[in-house]
């Protein structure tokens, strides 16, 4: 990252303008500015979007404790109506068209521009909020607390925040608790949670397709072994699971690699078993679709360092996680 210069802006509109004016080579923007950016710059493309990385951002409403407690009943009614409307927008194209027209009129937007944004959105439901605020014990995905924790670290690293308050001090799920007591809303078929992405079974071609992003994790196995110990599982939990959850729409190719000690064919088979062990763990612990993963055993065929040194051998005994979309 040392050769990358960052350019801070006040909002997504300014970011899009900077990109279209040639001030920056890459920008984080909102829809429909993404389409405008691609049209404005020859050769430009969308690197990643929340269609693939579905669990990296959340919008919320902020309110003081005093105001919430003063008019709690009103806010509960507002939230209920909002979620009911969201449920309808998710399934009714005519209702979405009407909403786009109202949005365009209210914010002085062209209606097609409003539609270009809204038509890419899945609107949050009660069940989505139940998961986000940690009220679904069966949910293994990204909660608000997890997302906020990662955001706090990143904002602090970028000096955008000095000492972020803990999640428990900035969130209040009591409104969601009230709505969950409303059986009419809770049992509404339009208030179910978003379905996890489904993937077709991986093919041999998927083993060679170019990855858009990758992460290397060095997992320690006993000689000739492929069973994950507690340390390896902890490393996966810390380094891989959150990325796999955040990039819910991406396939992940897990490639096992070894040094060149021993029989190449045996090493290749062993590296496959090790990659398979990693995938099995992620599926078991985080309930991922098994077809999300492409498993490859490279053996010693893809070294990243010189096998003539112990340091090089250690570097080659690695597991690559490659994200594909």
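Numbers at a glance
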{"quantity": "Relative contact order computed over the chain (Cα-Cα under 8 Å; 6+ residues apart), in percent", "calculated": "17"}
{"quantity": "Solvent-free Debye scattering, log10 I(q)/I(0), computed from the Cα coordinates of the range 107-169 at q = 0.21, 0.27, 0.30 Å⁻¹", "calculated": "-0.87, -1.02, -1.17"}
{"quantity": "Square roots of 5 times each gyration tensor eigenvalue, C-alpha, the range 145-250, largest first, Å", "calculated": "34, 25, 16"}
{"quantity": "GNM flexibility winner over the chain from 185, 47, 61 (Cα, springs under 10 Å)", "calculated": "61"}
{"quantity": "Along principal axes, Cα extents of the range 102-141, largest first, whole Å", "calculated": "43, 16, 9"}
{"quantity": "The range 6-125: Rg to Rh, with Rh as the Kirkwood radius over Cα pairs", "calculated": "1.03"}
{"quantity": "On Cα atoms only, tilt of 264-286 relative to the major axis of the chain in degrees", "calculated": "20"}
{"quantity": "Full-stretch length increase - residue 207, residue 93 - with 0.36 nm per residue and alpha-carbon distance subtracted", "calculated": "37.2 nm"}
{"quantity": "In degrees, nearest ten, helix 72-91 long axis to first principal axis of the chain (Cα)", "calculated": "60"}
{"quantity": "Selected from 252, 48, 295 as most flexible by GNM, with the chain as the system and alpha-carbon contacts under 10 Å", "calculated": "48"}
{"quantity": "Choice from 75, 132, 293 with maximal GNM fluctuation in the chain (Cα, 10 Å cutoff)", "calculated": "75"}
{"quantity": "Residue 121/residue 291 FRET efficiency (R0 30 Å; Cβ-Cβ; nearest 0.05)", "calculated": "0.70"}
{"quantity": "P(r) of the chain over all Cα-Cα pairs, binned every 20 Å from zero, in whole percent", "calculated": "24, 53, 21, 2"}
{"quantity": "Cβ-Cβ FRET estimate between residue 184 and residue 302, R0 fixed at 45 Å, reported to 0.05", "calculated": "0.20"}
{"quantity": "For the range 65-191, alpha-carbon Rg over 2.2 N^0.38 Å", "calculated": "1.25"}
{"quantity": "Fraction of beta bridges assigned by DSSP in the chain that are antiparallel (%, nearest 5)", "calculated": "65"}
{"quantity": "Rounded if a/c under 1.5, otherwise prolate or oblate - the range 1-47, Cα gyration tensor axes", "calculated": "oblate"}
{"quantity": "Pairwise FRET efficiency - residue 177 versus residue 58, Cβ, R0 = 22 Å, nearest 0.05", "calculated": "0.75"}
{"quantity": "Degrees, to the nearest 10: 93-106 long Cα axis against longest axis of the chain", "calculated": "70"}
{"quantity": "C-alpha center-to-center spacing [the range 158-226, the range 2-36] in angstrom", "calculated": "26"}
{"quantity": "Solution diffusion estimate, µm²/s, Stokes-Einstein, the range 207-249, Kirkwood Rh from C-alpha pairs, 4 °C, viscosity 1.567 mPa s", "calculated": "106"}
{"quantity": "Percentage relative contact order, the range 100-231, counting C-alpha pairs under 8 Å, at least six apart", "calculated": "21"}
{"quantity": "Percent of C-alpha pairs per 10 Å bin, the range 204-324, short to long", "calculated": "14, 48, 32, 6, 0"}
{"quantity": "Alpha-carbon centroid distance for the pair the range 264-315 / the range 90-138, whole angstrom", "calculated": "41"}
{"quantity": "Contour excess over end-to-end distance, with Cα ends at residue 45 and residue 269 and 0.36 nm allotted per residue", "calculated": "76.8 nm"}
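Read-outs throughout are calculated quantities, based only on the coordinates presented, and are distinct from any laboratory measurement. This is a predicted model, so every value here is computed, not measured. Counting neighbours? That spans all protein chains shown, and the Cβs are built from the backbone with ideal geometry, glycine included.
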